[in-house]
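Written out below as structure tokens is the structure these notes cover.
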Amino acid sequence: MNIVKETNFSPVYTIGIASNLTETSVHALRMYEKRGIILPHITETNRRLFSKSDIERIKCIRKHLDEDGLNIAGIKALLATIPCWLIKPCSKNSQKTCDAFTNTLLPCWEAEYKAPECAGVDCRECNVYRIGNICGDVKSLTRKFYTQ
């Protein structure tokens with residue numbers, strides 16, 4: 001018998017179930033993916049699967065949209081302020097060539113050129129991406145990284 005251990009990051013929910021759990025339309029979920037604020041797992045047959053962590057992230061996105069008055073671009077800009085180089089340290093040489101360090105308009109998981117420390121890494125598994133699941137004041141959280 002082959003038993004697979006499920007975690008909060010295991011992709012188990014289809015896009016329809018994720019839509020129901022988050023009270024978000026399938027169209028909106030696809031738009032969030034297209035705009036780069038969620039990274040669902042994509043199967044070999046192009047099905048989107050979401051984890052419990054993804055569900056929490058989508059709920060946070062909804063909170064920012066509905067309660068905080070942000071739009072998608074505002075949420076993306078907020079996520080772009082997360083200093084990945086402080087959370088997942090990289091060398092000064094790596095920072096010079098990494099779009100995540102030099103371009104503050106995009107979250108690090110959307111960087112075209114990544115530092116060697118991040119190249120080939122699944123961004124869904126990175127603590128930098130997972131910080132976006134914290135549904136509090138991301139600005140205050142980001143400030144903590146700069147003041148440490």
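Between the beta carbons of S91 and I42, assuming R0 = 41 Å, the FRET efficiency works out to 0.85 to the nearest 0.05.
With each label modelled as a point 7 angstrom along the Cα→C-beta vector, the E23-E112 pair spans 4.0 nm. Between V12 and K34, the modelled label-to-label distance comes to 3.0 nm, taking each label 7 Å out from Cα in the direction of the beta carbon. Dipole of the chain computed with +1 at Lys/Arg Cβ and -1 at Asp/Glu Cβ about the Cα centre; of V128, G36, Q95, farthest Cα towards the positive end is Q95. With Rg/Rh (Cα atoms, Kirkwood Rh) in mind, check (i) 0.98; (ii) 0.93; (iii) 1.15 and report the label derived from this structure. The value matching this structure is (i). Evaluated with a Cβ-only charge set (Lys, Arg +1; Asp, Glu -1), the chain carries a dipole of roughly 200 debye about its Cα centre, given to the nearest 20.
Here the Karplus relation 6.51 cos²θ - 1.76 cosθ + 1.60, evaluated at θ = phi - 60°, turns the backbone of region 85-101 into coupling constants of 5, 8, 7, 10, x, 9, 6, 4, 4, 5, 4, 5, 9, 9, 4, 5, 7 Hz, with x for every Gly and Pro.
All of the numbers you see were taken from the coordinates with simple rules; none came from a lab. Values in this document were obtained by computation on a predicted structure and should not be read as measured data. Note: ideal-geometry Cβ built from the backbone for every residue, glycine included; neighbour counts use all protein chains shown.
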